[in-house]
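For reference, the structure is listed below as structure tokens.
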Amino acid sequence: MTWTLAAWEVYLVTGDEEWLHYAYTVIKNSAEDDLQNAVNQETKLMFGESSFLDWREQSYPRWMDPKDIYESQALGTNAVHCRTYQILAEMVNLCGDNSERYLSMAEQIKSGINTQLWLNDNRIL
């Protein structure tokens with residue numbers, strides 16, 4: 001989903017509508033797959049390892065297997081997903097569709113971050 005941030009910036013800089021429609025299709029398909037497979041229904045956070053950790057042997061305890069790593073709900077990963085759904089909503093508006101589904105998902109993730117991943121006195125979103 002990190003690609004979404006870059007794809008959006010390319011559109012903002014170039015204004016290339018063909019690129020916008022291509023990126024929208026790719027991002028929407030990825031987001032829809034994640035909505036079916038990667039949302040923790042209890043916390044409303046996205047499952048998935050930290051997106052910036054690339055050496056599992058050095059980043060996670062040895063006892064964690066791929067299933068355990070997948071089930072983690074990392075702050076950075078959820079921040080990227082939140083922004084992805086915000087961007088997707090903007091793309092949907094530009095492409096003439098209804099953005100409510102994606103805005104709602106961004107808000108759910110944001111709420112999950114504030115409820116599950118922040119200390120009570122440190123909410124900044």
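The values are calculated or read from the model by the stated rules, or taken from the named source; none is laboratory data. All values reported here derive from a predicted model rather than from experimental measurement. Note that we place each Cβ from the backbone using ideal geometry, even for glycine, and neighbour counts take in every protein chain shown.
Remarks
- With respect to (1) in contact with a helix residue (DSSP H, G or I) (Cβ under 6 Å, 6 or more places away or on another chain); (2) at pLDDT 90 or above, the lone exception for S104 is condition (1).
- Scanning segment 57-93 for residues that are of a type in the set (K, R) and within 23 Å of L12 (Cβ to Cβ) yields a total of 1.
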